[in-house]
1. Residue check: is THR333 over 23 Å from the mean Cα position of the chain (by Cα) and within 23 Å of GLY172 (Cα to Cα)?
2. When the residues of the stretch 113-161 are filtered to those that are basic (Lys, Arg) and in contact with a strand residue (DSSP E or B) (Cβ under 9 Å, 6 or more places away or on another chain), which remaining residue is surrounded by the most Cβ atoms within 10 Å (Cβ to Cβ)?
3. Name the residues in the stretch 85-95 that are crowded, with 19+ Cβ neighbours inside 10 Å and either under 15 Å from TRP145 (Cβ atoms) or at pLDDT below 95 (or both), would you?
4. Checking the structure you have, find out if any residue of the stretch 104-116 is more than 30 Å from VAL46 (Cβ to Cβ) and touching a residue at least 40 places away in the same chain (Cβ under 8 Å).
5. Condition first: among the β-branched types (Val, Ile, Thr) and either part of a loop (DSSP other than H, G, I, E, B) or farther than 21 Å from PRO183 by Cβ (or both). Now tell me which residues in the stretch 94-113 satisfy that.
6. Looking at GLY203 and the list (1) open to solvent by 50 Å² or more (accessible area, probe 1.4 Å); (2) over 16 Å from LYS53 (Cβ atoms), which single condition is not satisfied?
7. How do the pairs read when you match residues in the stretch 328-348 that are under 17 Å from PRO313 (Cβ atoms) and touching a residue at least 40 places away in the same chain (Cβ under 8 Å) with residues anywhere that are assigned to a helix (DSSP H, G or I) and of a type in the set (Lys, Arg), using Cβ under 7 Å and keeping only pairs 6 or more apart or on different chains?
8. Name the residue that is surrounded by the most Cβ atoms within 10 Å (Cβ to Cβ), counting only residues in the stretch 98-108 that are out of contact with any Phe, Trp or Tyr (no Cβ under 7 Å at 6 or more places or on another chain) and of a type outside the set (Val, Ile, Thr).
Amino acid sequence: MNEETKPWGPITATALRMVGLVLVLALALWPMLVRAKADTLTLVPVGRAVGIKLFSDGVVVVGTSEITTQNGAVNPAKDCGLREGDIITHINATEVDTIEEVTALLQELEGETMSIRAIRDDKQVQLTAQAVLCSADGEYKLGAWIRDSMAGIGTVTFYSPQTGTFGALGHGINDVDTALLMPLESGSILPATVSGVEKGQSGTPGVLRGVFDADVTLGELDGNSACGIYGTMTDTSWFDGQAVPVATRDEVKAGKATILSNVSGTQVEEYEVEILKVYPDSQEGGRDFLVHVTDPDLLETTGGIVQGMSGSPILQNGKIIGAVTHVMVDDPTSGYGIYIGDMLQAAG
């Protein structure tokens, strides 16, 4: 008689006890496995300012407005149900990622009824609309203000020699009008030079001013998450530094630390800071510990933490522990940092 082994069969009480024992052992060993994994990781802390260019996956609706027609003012976008924050991905069966693509389709359809597919709160919605002929310029318009790209300056946190991956910012790139995370279609980091600083003051966050070369690519973006932006480095000649170990979360302590930051030209300097408090069970993205700037040179130059410094790596006891993410508006000498493990998890 031929015997067959079934993929699923009766489970005995003994088998259940064995499964339970394995699960208990696995849970007991998990913290040690995580620690062992972190101990084997090394990253190059970068701290260099770069230009960041991001193109959205779809076009983001940032508002609606009335269109003047021969029959009066109308708002087709609002009438069909489009809302601020919606991400338009298709008009009829055509995928759209740019403002130019949307504009061309509206002219082609000449006011015909069309289907709009959009993402709202991570769910797909289907709407029906008709563009109208604007009497001011003779073009068909929907009455939706849309955005398809963003650009700015930020700081690269780390580079992984093992995988070629980089991480930056420590927080996501959000649309300035809707405050929603921009959906990523493509993007890159570019060479940048910090040309000036607006110092932070109580009530007014400061900012790094700089220029970047849009014709040169240093790395390609793969992801935009609440824990930062990530991608693959294509040129490693523009930064220096030696790989250092990655700290486990329980190794991060209140006390002295340093950050690497680029607040003038292209030069990265190390500045003294203090970790005032560690939030081991923080549920707020990018607020895993409270950082206070103590370095007199950095305080003189920037007043503390300013916009553009997000992503500056934080080092403690010879290990990389995270990155600067936020500044306190009422106290620019202080801000928050994200734990490096969260950035690595988001980077995959």
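1. Considered against the rule, which asks whether it is over 23 Å from the mean Cα position of the chain (by Cα) and within 23 Å of GLY172 (Cα to Cα), THR333 comes out as yes.
2. The residue in question is LYS141.
3. ASP86, ILE87, ILE88
4. Checking the stretch 104-116: not a single residue is more than 30 Å from VAL46 (Cβ to Cβ) and touching a residue at least 40 places away in the same chain (Cβ under 8 Å).
5. Keep residues of the stretch 94-113 that are among the β-branched types (Val, Ile, Thr), which gives 94, 96, 98-99, 102-103, 113.
If the condition is that a residue be among the β-branched types (Val, Ile, Thr) and either part of a loop (DSSP other than H, G, I, E, B) or farther than 21 Å from PRO183 by Cβ (or both), then VAL96, THR98, THR113 are the ones that fit.
6. (1) is the only condition that GLY203 fails.
7. TYR339/ARG249; GLY341/ARG249
8. LEU105
The values are calculated or read from the model by the stated rules, or taken from the named source; none is laboratory data. It should be emphasised that the depicted structure is a prediction, and the values quoted were computed from it without experimental measurement. Note: ideal-geometry Cβ built from the backbone for every residue, glycine included; neighbour counts use all protein chains shown. Ligands, DNA and RNA are stripped out before the accessible areas are found, and what is left, the full protein with its side chains, is counted by its heavy atoms. Shrake-Rupley method; radii C 1.70, N 1.55, O 1.52, S 1.80 Å.
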